[in-house]
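Asks: I'd like to ask you about the structure that follows.
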Amino acid sequence: MKTATKIPASRVFKSPVLFLAFGFGSGLAPRAPGTAGTLAVIPLYLVIGQLNLTSYVALVFAVCVAGIWICGRATALLGVHDHPGVVWDEFAGFLVTMMAVSPSWPAVLAGFALFRLFDIWKPWPISWADRKLKGGLGIMLDDVLAGAVAAPLLFLLDRLVN
């Protein structure tokens, strides 16, 4: 695989797979595309966060499963494993983080901070998944794990405050 190169916006917006993988274009941000992708999913979360827990979990599961294919296909199209602009995994990871709290701006801000912390820091087992797994599953799993680590901390923080 090649190293990451700048992908023209026109290519992203012409390809449905790249459009999704690049988080509706948010992954085109010139700096910190993962952070931009996480910010881009917040409006979606504020809508789907109103669902009952069963529906929310089912939808997040679908986002994660679809993400394995989307990220894997984007990797093949770009010829680059885990291109920084591919942020569908950040979408999934943030949605996992927010799974056990009700939508509120304090929860969103705390969830954003916790998810980005674990996504960037990558403590074990997140670092293991990031290093060892390839393809769509590898791209997705480290962010889903970061969300899974952040979620119980966010839940506890939310319970302490509310």
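Since every read-out is calculated from the coordinates, none of them should be taken as a lab result. Everything numeric here is computed off the predicted structure, so don't read it as measured data. Counting neighbours? That spans all protein chains shown, and the Cβs are built from the backbone with ideal geometry, glycine included.
Asks: State, as an integer percentage, the relative contact order of the chain based on alpha-carbon contacts under 8 Å between residues 6 or more apart.
Replies: 26 percent
Asks: On alpha-carbon atoms, Rg over Rh for the range 70-130 using Kirkwood Rh?
Replies: 1.04
Asks: Round to a whole angstrom and tell me the spacing of the C-alpha centers of the range 1-69 and the range 91-162.
Replies: Using only Cα atoms to place each centre, the spacing works out to 15 Å.
Asks: Just want the answer: with Cβ charges of +1 for Lys and Arg and -1 for Asp and Glu, which residue in GLY147, LEU114, VAL12 is farthest toward the dipole's positive end in the chain?
Replies: So the residue we want is VAL12.
Asks: Right, next: As a footprinting exposure proxy, order THR35, THR75, THR5, THR97 by other Cβ within 10 Å, with the fewest listed first.
Replies: Ordered by Cβ neighbours within 10 Å, fewest first: THR5, THR35, THR75, THR97.
Asks: Could I ask something else about it? Which semi-axes, in whole Å and largest first, does the equivalent ellipsoid of the range 32-161 have when worked out from the alpha carbon gyration tensor as the square roots of 5 times its eigenvalues?
Replies: In descending order, the three semi-axes are 24, 15, 13 Å.
Asks: A further question follows. For the chain, return all DSSP H helices satisfying: extent of Cα atoms along own axis at least 18 Å; mean Kyte-Doolittle hydropathy at least -1.0.
Replies: Helix filter hits for the chain: 33-48, 53-78, 105-121, 135-161.
Asks: Right, another one. Under the rule of -39500 (n - 2.57) per DSSP H run of 4 or more residues, summed and divided by the residues of the chain, what mean residue ellipticity at 222 nm is obtained, to the nearest 500 deg cm²/dmol?
Replies: Computed mean residue ellipticity for the chain: -23000 deg cm²/dmol.
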